[in-house]
1. What single numbered condition from (1) open to solvent by 60 Å² or more (accessible area, probe 1.4 Å); (2) of a type in the set (K, R); (3) over 30 Å from R262 (Cα atoms) fails to hold for K489?
2. Determine if segment 542-553 includes at least one residue that is in contact with a strand residue (DSSP E or B) (Cβ under 9 Å, 6 or more places away or on another chain), among the β-branched types (V, I, T), over 30 Å from L406 (Cα atoms) and not in a loop (DSSP other than H, G, I, E, B).
3. Mind checking which pairs have a first residue in segment 465-484 that is under 17 Å from D403 (Cβ atoms) and a second that is polar (S, T, N, Q) and crowded, with 22+ Cβ neighbours inside 10 Å, Cβ under 9 Å, 6 or more apart or different chains?
4. Give the number of residues within segment 291-328 that are closer than 23 Å to K270 by Cβ and either under 19 Å from the mean Cα position of the chain (by Cα) or aromatic (F, W, Y) (or both).
5. Just need a number here: residues in segment 482-516 that are more than 30 Å from D448 (Cβ to Cβ) and hydroxyl-bearing (S, T, Y).
6. Examine segment 336-358 for a residue that is more than 22 Å from S490 (Cβ to Cβ) and either at pLDDT below 90 or not in a loop (DSSP other than H, G, I, E, B) (or both), and state whether such a residue exists.
7. In segment 324-335, what residues are buried (at least 23 other Cβ atoms within 10 Å of the Cβ) and outside any strand (DSSP E or B)?
8. Just to be sure I understand, how many residues within segment 490-528 are at pLDDT 90 or above and more than 20 Å from K463 (Cβ to Cβ)?
Amino acid sequence: MPTLWQGRLALGDEVIAKRRAMKDVPFAGYPAVALLDDAERDFFDDESSLSIRHLIIELRTKEILDRFGEFSLGEARVIRLRVIKPDGSVVEREHPRGVEDVSLPQLGEDDIVELLTVERDQPAHMGGSFETRTLDDSPTPALSRRYILTFPEGFDEARGLALVALNGLATPPDTAFVDGEGRKRARYVFAAADVPGLTNEPFAPSKVEIAKTAGYAWGVDPALWSRLRGITVELSAQQTAWLKASAQKIAGTGDDVDKLARIFAFVARKIEPAENPDDATAVLASGQGQRTPLFLALLRAAGLDADPVALQLPTQPDPASFDLSSWSTLAVRTRIAGKEHYAIVDGNAVLDRLPPLAKGSKVLDLTLASMRTSNASSSTPTSLIEALPDDVVDDNPVRVQVDLALQEAKPNANAGASAGAEVNGSGNASDAALNGLIVVTIPASKADGARRGVRRATPDQLKNVVERAFASSLPGVSVIDVKTPDLDKSGDPLRIGARVSVPLPLGADGAARFDHLFSEGASGGLGLTSSLASYLQVSDRKAPLLVGADRELLEVQLTLPATAAFVEAPEPLSLVAGPFSLEQKVEIENGKLYWRRAIDKQNARISVDTWPGVRVTLAGLAARSDARLSFVVSRGARGATPSDTSGKRAQL
């Protein structure tokens, strides 16, 4: 057994013996605790490396036992795999090479599993390398969690190695040692002890931005690695004769702006996004795959000046954190007559209507030409990074228009006939009903995914979706029919209009009441925006609150007959809580209620220290957005004709 593994095996024995000698259970109440959680990378002169993982974990609940009962190791080689029972007995498990799955049957509570693996990684093809590991962001607590780096003597100085130590983690000194083959090496050990487990908090930034993070880098920055993604896009966007001919037909005649719009509409409507294939011609032939290379190839084949770019959104991790999700949003920039047009086609397809959270983004050139402007082993030149123009950001809100009129049931002399059925068409008996329209306008920045969903849905499925979305605000709502007049207008906003009826069993006093009117956001269960209350789930945050810019607008018109009157209605408001704001206007005139509510959110990171104060004011906003509405109908005037319902009507 090599000296390296002898030391590791001895360490495992020592850690387990120490745990068995403890009188108190460490981190009681957690389903598992890592007694040792080591990740080690040992580099060699040719820049290849060994990746060593050494995990010793105590299992305490059935859920955790099931997770460890069978798991995959990929291509890693097992050095040790064993189970230590509470009585001290040990079950050694053999693991043949080439078999990825591991099975540990008959695990029991308080068993300790030790897993030691190694994997060989080849040098990076483009030169340079980086890696990071967070030490205190896992839901599983650890008595010891470490990230260990070793290099041949002089390796770090020769390559300009930079150690990464973020968010309060100390940079360790190098320790010289001689390995089992007599070679001098340097070791760096990033360590954290008695690390509590953390729960996932909603709206938290990337863990690498807030957790103690260790790592290394040489000859590379994160922007450079994003530019390597650009090479993949460029290579996949090669043009064949058939693709060129197709591009001419798709682009049609007219100016370049028209051609850009036609090609975008074709890709958004005709190509289903998927991981594979990525080759532009293959995607065009199959009708599915990665859309960015195809979009780029079609634009260039049609004679347009188009290039791949990466966006660094304000909500993405700082590139200095070496997180791979930095610069990860791929887009295509097309220059026409001195103006830049931006399109994203993988995911939610948008052209010059990027979502509000994109405002203030940076743009990185990913063309092959940009790669030739700098050496691949140096940092990315600042000349390749520009600001995203504000005029390509779609600042329009999710808009919900509700136009309802109260109609009372007319007496029906026919035996067995239901007055409620006569009014609302739902077959449910009721004293009255609110009948009218709900129109949801989804801005272009969010409409592409919704379009694909609507195209796949049947009419009955669409009706069910709308009913579920507004059921909490309008209990018992039934949808009579749904229209989507903008379904084929790719790149434009999408309107979903529903003719609805809400049955109203009136109380003995003729009163009707709605207690939670659009409290979960204007679009309710459609999931287009996050309600104000959803940000309040965690009172004592351990991570900052990340807020992405978004807007929603609710416009309600409710008309009562002359026999009815409003008793309670939303009140005018103008409130601000950090990046959140609520503006509400209410008018009641001649039996009509006009209610307009705008909720805006700005890009922001609210620190843990600031959060308690913001949360108090935000809770006030959320409470005020939980609107109540009530009215009373005179019981002596059944079947009266509704008052005039002309005015600010919602229309498709």
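The values are calculated or read from the model by the stated rules, or taken from the named source; none is laboratory data. Keep in mind it's a predicted model, so treat the numbers as computed, not measured. Methodologically, a virtual Cβ is constructed for each residue, glycine included, from the backbone with ideal geometry; neighbour enumeration extends over all protein chains shown. SASA here: full protein model, heavy atoms, side chains in, ligands and nucleic acids out. Shrake-Rupley method; radii C 1.70, N 1.55, O 1.52, S 1.80 Å.
1. Of everything listed in (1) open to solvent by 60 Å² or more (accessible area, probe 1.4 Å); (2) of a type in the set (K, R); (3) over 30 Å from R262 (Cα atoms), K489 misses just condition (3).
2. Yes, the conditions are met somewhere in segment 542-553.
3. If the second residue must be polar (S, T, N, Q) and crowded, with 22+ Cβ neighbours inside 10 Å, the pairs left are A469/S523; F470/S523; V477/S501; S478/N424; S478/S501; V479/S501; I480/N424; I480/S501.
4. Residues that pass the stated criteria total 1.
5. Quick first cut of segment 482-516, residues more than 30 Å from D448 (Cβ to Cβ) only: 501-516.
Filter again for hydroxyl-bearing (S, T, Y), leaving 501.
Residues meeting the conditions: 1.
6. No; the residues of segment 336-358 include none that is more than 22 Å from S490 (Cβ to Cβ) and either at pLDDT below 90 or not in a loop (DSSP other than H, G, I, E, B) (or both).
7. Hits for segment 324-335 are S326, W327.
8. Of the residues in segment 490-528, 2 are at pLDDT 90 or above and more than 20 Å from K463 (Cβ to Cβ).
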